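Data block below; observations after.
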Amino acid sequence: MMISHLARSIAPSPTLALNDEARLMRERGDPVINMGIGEPKNKAPITAILSSAAQLSTGDIKYTPPDGTPSLKKAVIRYTEDNYQRSVKPENVIISAGAKQSIFNVLYSILDPQDEVILLAPYWVSYPEMIKMVYGVPVVVTPEDGSFVPEMKDIERALSPYTKAIIVNSPNNPSGAVFPAELISEIVALCERKKIYLITDDIYHKLVFDGNHAIPAYTCTEKDVDDSMIIVVNGVSKLYGMTGFRIGWTIANRRLVEAMVNVQAQTTSCTSVVLQSAAEGALTGMQNVVEALRLTIENNRNVIMQELKAFNGIWVNRPGGTFYCLPDFRAYRKDSVELARFLLKKALVVTVPGKEFGMEGYLRLSYAGSVKDITTAVERIKWALDPNSPNEIYLGDRKVIRDWL
Ligand code: PMP
């Protein structure tokens, strides 16, 4: 069977391999704890369920316009006004099958072959692969001080005549870092000066702790959306616990949205009307579900920080948002894929290797689960990595022998 060069160049995800292994172990009865998970545990809001059920019960389940139903677009416009203090028109909005498809369609619509996109490490795993899928070139800027916040001089040094865009994801997956307002403002100014797109992936924008807020890029410019280089991507997956509904959106200048609508019309036609109704229900319903989730996750963040503080050899930045942290495990093992595999086998804990996010030697731990899962998982990891801990323990009724290190 012939496979294209391009398809062959797309990296398989070690996360999926680890998840598969974890699933097999769970099926065997092993008490595996998943600290790799990228979704909150909360149920979809009732307004989302009722809205999609009402649509479904009409039996009238047909294509929608490729850019989304007018009523969901209206809800997104309202959301943008409320949360970004920016009024946008329906021509500036396109609904897609998750923020993931939104980002892919943006990249497809702005990049020519060999165009470069600046990624700020640690970055979300899918960005470099999506850029490669449209024959672009990812250019990675890695902060040297271990803060997970890039410096402007490093971003400027990464610019070339081929630079088309910078992707900013703050709050950040996988580090939980929230970029300071001055940095966002300087990046916006740079992009406007150089005529480079700024793609802000805002999928975690309300999951911010300690009374802080993520600064929307729009608040850093006077320019109208149609004159601005800012592209905003958001969706219902993370804030409303609706990962399975697959609804995301893009706000951008109308010429770009027009191009994206053509791309979407020729590929997926549109996203499902049932799922668009659900997203509309979430966006127009009671918003206290988001705050309830944020409070739970902030408490979980405090718990995991407390647990990790008492962990010799581990260094971790306190996350300001999301439900991830990215501790530095290099004192134990430099190879994060090997370490994640070891922890799954011996501690029965799923983690995600930092290598996937451009941070080798780190592991991403998700604290979207229960407090008990968090404390037990960290305890198990400590057991597995501490040379002074007993060589054998029971995890549930499974006896584990640690034979590495
Ligand atoms: N961006 C980031 C940073 C993410 O972490 C994710 C989900 N893991 C997405 C985008 C995609 O979200 P969606 O489910 O809306 O496709």
Only Cα pairs within less than 10 Å get springs; with that Gaussian network setup on the chain, which residue of GLY38, GLY281, GLY29 has the largest fluctuation?
GLY29
With only alpha-carbon atoms counted, please give the Rg and Dmax of region 66-130, in Å.
14.3, 38
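Give a quick list of GluC sites (Glu not before Pro) in region 67-152 that DSSP marks as loop, anything other than H, G, I, E or B, with at most 10 other Cβ atoms within 10 Å.
GLU144
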Skip the ligands, DNA and RNA, and give the accessible area per residue of region 252-322 with a 1.4 Å probe, whole Å².
46 Å²
Over the chain: helical MRE at 222 nm, DSSP H runs n ≥ 4 each giving -39500 (n - 2.57), nearest 500:
-12500 deg cm²/dmol
For region 1-119, with only Lys/Arg (+1) and Asp/Glu (-1) charged at the beta-carbon, what is the dipole magnitude about the Cα centre, in debye rounded to 20?
400 debye
With all protein chains present, region 276-361 has a carbon and sulfur share of its accessible area (1.4 Å probe) in percent of 51 percent
Post the alpha-carbon centroid distance, region 336-370 to region 219-298, in whole angstrom.
29 Å
Inter-site label distance for HIS213 and ASN302 at 7 Å from Cα along Cβ, in nm:
2.3 nm
Can you tell me how region 40-91 classifies by the Cα gyration tensor, rounded, prolate or oblate, using a/c under 1.5 as the rounded cut?
oblate
Mind grabbing the base-10 log of I(q)/I(0) for region 1-159 at q = 0.15, 0.17, 0.21 Å⁻¹? Debye formula, identical points on the C-alpha positions, no solvent, two decimal places.
-1.25, -1.30, -1.30
Hey, got the dipole for region 285-366? About the Cα centre, +1 on K and R Cβ, -1 on D and E Cβ, debye to the nearest 20?
240 debye
Charges at C-beta only: +1 for Lys and Arg, -1 for Asp and Glu. How large is the resulting dipole of the chain about its Cα centre, in Debye rounded to 20?
820 debye
Can you work out the accessible area per residue across region 1-147, with the rest of the protein chains kept in place, probe 1.4 Å, in square angstrom?
53 Å²
Which residue fluctuates most in the GNM of the chain (Cα springs below 10 Å): ASN312, ASN172, ASN42?
ASN312
Positive-end residue, the chain charge dipole about Cα centroid, Cβ charges, pick of VAL125, SER160, LEU198
VAL125
Extreme residue, positive dipole direction of region 252-405, given options CYS325, GLY313, VAL349 (C-beta unit charges)
GLY313
Any idea what angle helix 273-284 forms with the longest principal axis of the chain, computed on alpha-carbon atoms, 0 to 90 degrees, nearest 10?
80 degrees
Students often get this wrong: which residues of region 256-279 have the backbone nitrogen under 19 Å from the point 7 angstrom along Cα-to-C-beta of LEU56?
271-279
Each residue of region 381-391 in order: what ³J(HN,Hα) in whole Hz does its phi give by Karplus 6.51 cos²θ - 1.76 cosθ + 1.60, θ = phi - 60°, with x for Gly and Pro?
5, 4, 4, 5, 9, 7, x, 8, 7, x, 6
Please report the antiparallel percentage of DSSP beta bridges with both residues in the chain, rounded to the nearest 5.
50 percent
By accessible area (1.4 Å), largest first, ARG26, ARG380, ARG318, ARG157 order as ARG157, ARG318, ARG26, ARG380
Can you give the Rg to Rh ratio for region 207-363, taking only C-alpha atoms and Rh from Kirkwood?
1.05
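The values are calculated or read from the model by the stated rules, or taken from the named source; none is laboratory data. Here the structure is a predicted model, which is why all the values come from computation and not from measurement. Note: ideal-geometry Cβ built from the backbone for every residue, glycine included; neighbour counts use all protein chains shown. Heavy atoms of the whole protein, side chains included, go into the accessibility calculation; ligands, DNA and RNA do not. Shrake-Rupley method; radii C 1.70, N 1.55, O 1.52, S 1.80 Å.
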